[in-house]
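Let me begin by presenting the structure, written as structure tokens, before commenting on it.
The values are calculated or read from the model by the stated rules, or taken from the named source; none is laboratory data. Computed from a prediction, not measured in an experiment: that's the story for all the values here. FYI the Cβ positions are ideal-geometry reconstructions off the backbone, even for glycines, and counts take in every protein chain you see.
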Amino acid sequence: WGWMVAVALVTYLAVRGEKIQLPEQENPAELKPALFFGALYAAVTLGVAAARDTLGTTALYGVAVLSGLHDMDAITLSTARLVDEGRLESDTAWRLILVAMLSNLGAKLAIVAILGQRRLLAWSAALFSVAAAGIAILIAFWP
């Protein structure tokens with residue numbers, strides 16, 4: 001994890017003098033986001049179970065990609081529950097979570113590209129590519 005500290009330190013030193021405008025804070029206890037997460041969790045759980053039962057474990061990677069585009073919690077909780085119930089191997093579960101993480105990083109980078117400034121995109125792309133490379137290496141080469 002030493003390289004992560006080095007990357008964080010370099011990033012901090014490069015941008016520490018910049019002024020930023022924080023967005024206005026919203027009420028974190030609103031019902032609408034909680035209901036949305038509940039619906040998303042139910043959809044991902046249903047998608048994981050249906051894909052595994054009808055198409056096998058290979059189809060779960062597609063569900064992980066789609067789930068990761070929005071959120072990591074639903075796919076993580078769904079796969080953990082399936083492993084706990086003995087319906088999914090742990091080797092497949094951690095790979096699914098990492099695939100969802102790659103998808104999530106890609107979605108966040110797309111948001112930065114659309115809403116952010118060019119300099120933020122450059123920094124984000126550089127840092128995200130390091131994380132994505134590490135995830136891809138883990139998925140490809142871990143036994």
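Structure summary
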item: Cβ-Cβ under 8 Å pairs, at least 6 apart or on other chains, the range 4-19 side farther than 16 Å from Val130 by Cβ, far side part of a helix (DSSP H, G or I); result: Val15/Trp123
item: Matching residues, the range 48-83, being of a type in the set (S, T, N, Q) and closer than 20 Å to Asn104 by Cβ; result: Ser67, Thr76, Ser78, Thr79
item: Matching option when the condition is in a helix (DSSP H, G or I), of a type in the set (Ser, Thr, Tyr) and in contact (Cβ under 8 Å) with a residue 12 or more places away in the chain, among Ser129, Ser103; result: Ser103
item: Some residue of the range 60-80 being modelled with pLDDT under 90 and in contact with a Lys or Arg (Cβ under 7 Å, 6 or more places away or on another chain); result: yes
item: Residue within the range 96-108 that is within 16 Å of the chain's Cα centre (by Cα) and among the polar types (S, T, N, Q) present; result: yes
item: Flag if Ala8 is within 29 Å of Trp142 (Cβ to Cβ), part of a helix (DSSP H, G or I) and modelled with pLDDT of 90 or more; result: no
